[in-house]
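The values are calculated or read from the model by the stated rules, or taken from the named source; none is laboratory data. Predicted model, so just to flag it, every value in this text is computed and none were measured. Counting neighbours? That spans all protein chains shown, and the Cβs are built from the backbone with ideal geometry, glycine included. SASA here: full protein model, heavy atoms, side chains in, ligands and nucleic acids out. Shrake-Rupley method; radii C 1.70, N 1.55, O 1.52, S 1.80 Å.
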Amino acid sequence: MNNNIASQFAGLPMKALIGAPLKAATDANAMIANAQTQFILSTCFEKDSHNHGHLTPVMVTFTLSRSVLEKDGSISKTPYEMEISIPLMTLIPINSLAIEKLKVSFSMEVKSSREIKKQTSQQSKQSRAQTRQPEHAHEFETELHGALAKSGNQSQQQSGSAHANYEVMLEAGQLPLPRGITTILDIFAKNLTPLPPKNED
Amino acid sequence: MSIKSKIDCPECGVPIHFESSLLLAGQAFSCSNPSCGVTISLTATDKEVVSDAFDKFEQMRNQATHQAGRYDA
């Protein structure tokens, strides 16, 4: 019987059931990555007309403020201010647009059961006494399809139950940033050196 | 919608977390390293460039979310 139940799953397109959501997520991720690339190139870089159209990062100026010590060792009341240029690219959380985790989970269940009920000998005797019918007339079979409910009677139950459960769980994680982008970001981060303003001595 | 991001502190390398709306409003953000004491703020001259970049990023994010939603359907 179990084989019969299992065969009911044979026609299910498992490849499509598992693969379709994953492919949709992958396509969406690729689309997001493409949009991000276009965004980075168009917004965070500008073409340098003097250098064969090479792309140069757009820089934005920040004011950096820090406390300094006076000659007597006390902390200065007015903090020292400098200007720093930071690549615009480093301000944008470019790696936040991606599908971080994909979980496709579904379960299928087919349940079928057959129950054969036979009255106990004591019940049969009582019943026979009441109805005065031959013994064999009080033996009966019941065939049910579905879940069996527990019962408190003493009837003998013979049940055949077939149960098939399929559970598929698929997880897809986020890939790290491409090495090229991480290298550029590292270079940018390492070169954020504060420079004093031009009008200072 | 405000975008949360971070940049590495030019002095100590520890991240300085900021929010786009507050940054564009002129607020200064402190380094998360308590012994560093550095604060940074965007200069008014480059405010428009950064604002434009954040707007475009937000637009792209909304578009991508919308497209991904269509895939789900």
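Points worth noting:
- Within the stretch B:35-57, the only residue that satisfies the criterion of being free of Cβ contacts under 8 Å to residues at least 24 places away in the same chain, more than 7 Å from chain A (Cβ to nearest Cβ) and among the hydroxyl-bearing types (Ser, Thr, Tyr) is B:SER35.
- Matching residues in the stretch B:25-54 - criterion: being of a type in the set (A, V, I, L, M, F, W, C) and open to solvent by 70 Å² or more (accessible area, probe 1.4 Å): B:ALA25, B:ALA44
- Extreme residue, nearest to the other protein chains (Cβ to nearest Cβ), among residues of the stretch B:1-24 that are in contact with a strand residue (DSSP E or B) (Cβ under 9 Å, 6 or more places away or on another chain) and open to solvent by 50 Å² or more (accessible area, probe 1.4 Å): B:ASP8
- Exclusive hit being more than 23 Å from B:ILE40 (Cα to Cα), open to solvent by less than 80 Å² (accessible area, probe 1.4 Å) and within 13 Å of chain B (Cβ to nearest Cβ), set A:PRO79, A:PRO21: A:PRO21
- If you go through the stretch B:11-35 and keep only what is out of contact with any Phe, Trp or Tyr (no Cβ under 9 Å at 6 or more places or on another chain), of a type in the set (Ser, Thr, Tyr) and farther than 17 Å from A:GLU81 by Cα, you end up with B:SER32, B:SER35.
- In the stretch A:36-57, of all residues being surrounded by fewer than 17 Cβ atoms within 10 Å (Cβ to Cβ) and at the interface with chain B (Cβ under 10 Å from one of its Cβ atoms), the one that is modelled with the lowest pLDDT corresponds to A:GLN38.
- Of all residues in the stretch A:58-75 being surrounded by 12 or more Cβ atoms within 10 Å (Cβ to Cβ) and small (Gly, Ala, Ser), the one that is nearest to B:GLU58 (Cα to Cα): A:SER65
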